[in-house]
Amino acid sequence: MIPTPPPASTVSAGCCGWRAASPKPKLGPDHPDTAQSIGGLALAVHDLGRYAEAEVLYRRALAIKEKTEGPDHPDVAVDLSNLGVLLWDEGRVPEVEPLFRRALAIREKGLGLEHPDTAMSLNNLAFVLEAQGRHAEAERLFRQALAVDEKMLGPKHTDTAIVIRSIAELLQGEGRYPEAEPLFRRAVRIDERALGPSHPDTADAHQSLGYTEERQDEFQAAAGDYRAACSLRSSLAGEREQIGEAASAAKVRSSRCSVRLALSLRGWSDHGGGTATADRPDTLKREAFLAAQRAALSAAGEAMARSAALAAAKVSGVGDQASAYEGALLDRDRLDEQIAGAAGEPGEAGARRRLVLAKARADALARIAALTRALKARAPRYWDYRAPEPVDVSAVQSLVGPDAALLNRNEALVLFMVPPDKDQGLVFAVSKTRSAWARIGLTGAALKGRVDDIRAGIEARHRAFDRKGAHDLYEALLGDPGIQAVIQDPSVLLFVPSGPLTSLPPGLLITSPPQGGAAGDADQSTLRSTPWLLRAKAVALLPSVSSLRTLRQLIPAGRRTAKDPLLAFADPDFAGPGAAPGPSPAAAAPSLADARGGILIGEALRALPRLPGTRVEGEALEAALGGRPGSLLTGDQASKAELMSRNADGRLAQVRVLEFATHGLVAGAVTGLTEPALALAAGPRPEDELLLASEAATLKLNAEWVLLSACDTASPDAPESQGLSGLSRAFFFAGARSLLVSHWPVRDDIAARMIPATLLAERNIPGLSRAEALQRASLAILDDPKLNAANPSAWAPFSLVGEAGR
């Protein structure tokens, strides 16, 4: 079965079959109309993904109705059903079944066995039974519900289509594709006739049908259905007013559809494609390249695009309006939260507060509409920048016009699309003269396992590096002969990773079978002679293919040159004035005495160990770049207050290279920390020393480089993340052009040498790109026998993200 999420509300028909009757307002001494309002608000809050708030509201509405209308009233069944869907969304499946069974019993008793609302409850309960693997019971209830709907509502009713899809999805989940296909076709016909081709339910039906066709190798038909579904999904995901949970959910649905479209196009191509020009294998490859870009979600790419959009708005003289537009979207979401919190406030005061908040939200919506009109009139390209379209292969390969700047002649672009399941993903490679695509040689699940194994070996630090695993992974990702033909000549590879590949620097892959066996995995000399990918190619990461357009067309057009060479924050004083210094790294963790990043003693920030090695790094960088007085801030001067002061007075926008050499904290590393952060010098309160990702996004930067010399600044923040960490995308949004991020804790002696060497090489060697500068500095570490640094844990922690050229 296609893993599509159930809808948040049971009032309207949804892709997975949830249905319930809408509550009707009633009057009475205990105010059931209040229960009505609370239930409606619960649906809205649920739809925003704020489950804890929604559950409180649902249960309160249910309690009022049970008291005022009786435990067996049909309206009670409505709230039972809606609460059940909420618990389902939270994964609390065992709690859902008794709620749905009680709702069914109420409706069977009060409405009869052949009432449409009874059929709704049959369908809902069957869906939960199916999720628990009780397929035979579920199918019996689904078919019972279908019989009721066909008799009472008719064979062409949309509620009938919901049950038809539910049965078809059950059959699909059991691999009974020939039985499922005609049911899906029937559902598509009903939805297109009743709802129209642009309705989300119609997209659901097309996508489900496409999956059934794909599993039967009917790739041409599958591609047609996926095209119809994904076009609508992409349109909904790109709606300009969306932000927050609604936008994220729409983008996830669009991404999943695009994955399936790309895979079906590959299957069709493997079977020879079609006879029409648009259906021939080479054209299918170009279409799949676009679909794969839509599939590879990247919050960092979006942050870069929004930053470019703001810059473009400023050039057009509407920067204030663009900033106000983004602020109005945030205001609307904050008001939604306040409205949810005010739902339960009693009496006239509560009613007045709800009216005030409702008016404020209406005002926010009016501001959004007015600003949208103004931006359309005065800066029409703002929208192109804010939500850029995928880039076609022909644009990447262009030799003339503005698109000629997208890809340099010595570069090749490599895009990965990695499904998170048992399907094999796709890899695309594009140079100025060639392009190719291939299936990745591992399933999404197996690929994640390989990456996790390699990462575990690196993070163990004293364990030998698995060179065979790194070579096997290279073969699975890039070993296809067509891909090899594209990447053979270019000296720089620009990777657009997705899924687990975002947590692994590609330079440590091994291009041919390593010599020396297992013993060589731990031998410094053998490791130095290993054919690492970084030996042959300079590498960089891109948040998205469209970020090439942002970096090489949009940003240069309005960018000014920063005058100050450096601002570095290093070795912050975490203890504060008069406090005993925190434990040294050696005392805190003897096995990590030579490392930095994320070493926490207890949960208090005051216990963070000082990082004296970062002061050495900062001094080396200051000397290399000719930093001005005050360009290196250490101790109590390496503070958030100092950063924000320079941001407020404009000095930060004059900095070319901005470095943070400190502890990087991931969400959850400290109690109450809900987003990634950088630890700076101690302040009066914890929030005065943590630079949160959301705060970093508000900085006004004009930096060519932002160096995040702290641990795990490249890693995703959550299992659903695809792309770079919140810190990385925050600095992109703030205006950075290139980031240097780390994938694991960095040795102080390595960082102090590698980072200055990278920037010096880029500055002093004519024609040397940023990616090549990092390659040169990394190989110098690898090849120096005095450093004992031939294991990739030492020389490969950093990745360049963003602009790889000059």
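The values are calculated or read from the model by the stated rules, or taken from the named source; none is laboratory data. Note that the structure is a prediction, hence the values are computed from the model and not measured. Here the Cβ is made from the backbone with ideal geometry for all residues, glycine too, and neighbour counts use every protein chain on show. To get the accessible areas, we keep the full protein, side chains included, count just its heavy atoms, and leave off ligands, DNA and RNA. Shrake-Rupley method; radii C 1.70, N 1.55, O 1.52, S 1.80 Å.
Key figures for this structure:
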| item | result |
| --- | --- |
| Some residue of the range 776-797 being under 19 Å from R737 (Cα atoms) and in contact with a Lys or Arg (Cβ under 8 Å, 6 or more places away or on another chain) | no |
| Condition check for L509: open to solvent by less than 10 Å² (accessible area, probe 1.4 Å) and within 15 Å of W437 (Cα to Cα) | no |
| Counted residues, the range 678-700 - those being in a loop (DSSP other than H, G, I, E, B) and either of a type outside the set (A, V, I, L, M, F, W, C) or open to solvent by 20 Å² or more (accessible area, probe 1.4 Å) (or both) | 8 |
| In the range 484-502, residue nearest to R256 (Cα to Cα) [restricted to those that are without any contact (Cβ under 8 Å) to a residue 60 or more places away in the chain and not in a loop (DSSP other than H, G, I, E, B)] | Q484 |
| Qualifying residue in the range 432-450 (condition: touching a helix residue (DSSP H, G or I) at 6+ places or on another chain (Cβ under 9 Å), loosely packed, with under 15 Cβ neighbours inside 10 Å, modelled with pLDDT under 95 and part of a loop (DSSP other than H, G, I, E, B)) | no |
| Residues of the range 166-181 classified as out of contact with any Phe, Trp or Tyr (no Cβ under 8 Å at 6 or more places or on another chain) and within 14 Å of F142 (Cα to Cα), total | 2 |
| Set L527, L509, L493, L504: member being at pLDDT 95 or above and within 30 Å of V616 (Cα to Cα) | L527 |
| Candidates E389, E411 - the one that is under 28 Å from the mean Cα position of the chain (by Cα), of a type outside the set (A, V, I, L, M) and modelled with pLDDT under 85 | E389 |
| Residue list for the range 451-483, filter: of a type outside the set (D, E), within 21 Å of Q515 (Cβ to Cβ) and modelled with pLDDT of 90 or more | I454, F465, R467, K468, G469, A470, H471, L473, Y474, A476, L478, G479 |
| Yes/no for R353 being at pLDDT 75 or above, surrounded by fewer than 20 Cβ atoms within 10 Å (Cβ to Cβ) and assigned to a helix (DSSP H, G or I) | yes |
| Sole exception among (1) in contact with a helix residue (DSSP H, G or I) (Cβ under 6 Å, 6 or more places away or on another chain); (2) crowded, with 19+ Cβ neighbours inside 10 Å; (3) outside any loop (DSSP other than H, G, I, E, B) for L551, by number | (1) |
| Selection within the range 363-375 - of a type outside the set (D, E) and more than 28 Å from the chain's Cα centre (by Cα) | A366, R367, A370, R373, A374 |
| So T561, is it of a type in the set (V, I, T) and at pLDDT 95 or above | no |
| Filtered residue count, the range 706-749, keeping only those that are surrounded by fewer than 24 Cβ atoms within 10 Å (Cβ to Cβ), at pLDDT 80 or above and hydrophobic (A, V, I, L, M, F, W, C) | 2 |
| Test: residue in the range 189-201 that is within 20 Å of S264 (Cβ to Cβ), open to solvent by less than 10 Å² (accessible area, probe 1.4 Å) and out of contact with any Gly (no Cβ under 6 Å at 6 or more places or on another chain) | no |
| Meets criteria (outside any helix (DSSP H, G or I), at pLDDT below 70, under 30 Å from the mean Cα position of the chain (by Cα) and on the phi > 0 side of the Ramachandran plot) for G602 | no |
| Residue in the range 122-139 that is surrounded by 23 or more Cβ atoms within 10 Å (Cβ to Cβ), among the aromatic types (F, W, Y) and touching a Gly at 6+ places or on another chain (Cβ under 7 Å) present | yes |
| Filter result (touching a helix residue (DSSP H, G or I) at 6+ places or on another chain (Cβ under 7 Å) and open to solvent by 10 Å² or more (accessible area, probe 1.4 Å)) within the range 763-773 | L768 |
| Residue count, the range 80-118 (criterion: in a loop (DSSP other than H, G, I, E, B), over 16 Å from L141 (Cβ atoms) and open to solvent by 50 Å² or more (accessible area, probe 1.4 Å)) | 3 |
| Among the residues listed as R439, R386, R409, the single one being in contact with a strand residue (DSSP E or B) (Cβ under 9 Å, 6 or more places away or on another chain) and of a type in the set (K, R) | R439 |
| Residue among E66, E108, E114, E139 that alone is on the phi < 0 side of the Ramachandran plot, within 39 Å of the chain's Cα centre (by Cα) and not hydrophobic (A, V, I, L, M, F, W, C) | E139 |
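Every residue, every condition in (1) in a helix (DSSP H, G or I); (2) of a type outside the set (K, R); (3) without any contact (Cβ under 8 Å) to a residue 24 or more places away in the chain, yes or no:
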{"site": "I750", "(1), (2), (3)": "yes, yes, no"}
{"site": "I755", "(1), (2), (3)": "yes, yes, no"}
{"site": "A761", "(1), (2), (3)": "yes, yes, yes"}
{"site": "A773", "(1), (2), (3)": "yes, yes, yes"}
{"site": "S778", "(1), (2), (3)": "yes, yes, no"}
{"site": "L782", "(1), (2), (3)": "yes, yes, no"}
{"site": "S793", "(1), (2), (3)": "yes, yes, no"}
{"site": "A804", "(1), (2), (3)": "no, yes, no"}
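Let's see how each residue does on (1) within 23 Å of L87 (Cβ to Cβ); (2) in contact with a strand residue (DSSP E or B) (Cβ under 8 Å, 6 or more places away or on another chain); (3) hydrophobic (A, V, I, L, M, F, W, C):
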residue: A105; (1), (2), (3): yes, no, yes
residue: G110; (1), (2), (3): no, no, no
residue: A119; (1), (2), (3): yes, no, yes
residue: A126; (1), (2), (3): yes, no, yes
residue: A136; (1), (2), (3): no, no, yes
residue: L146; (1), (2), (3): no, no, yes
residue: M152; (1), (2), (3): no, no, yes
residue: P155; (1), (2), (3): no, no, no
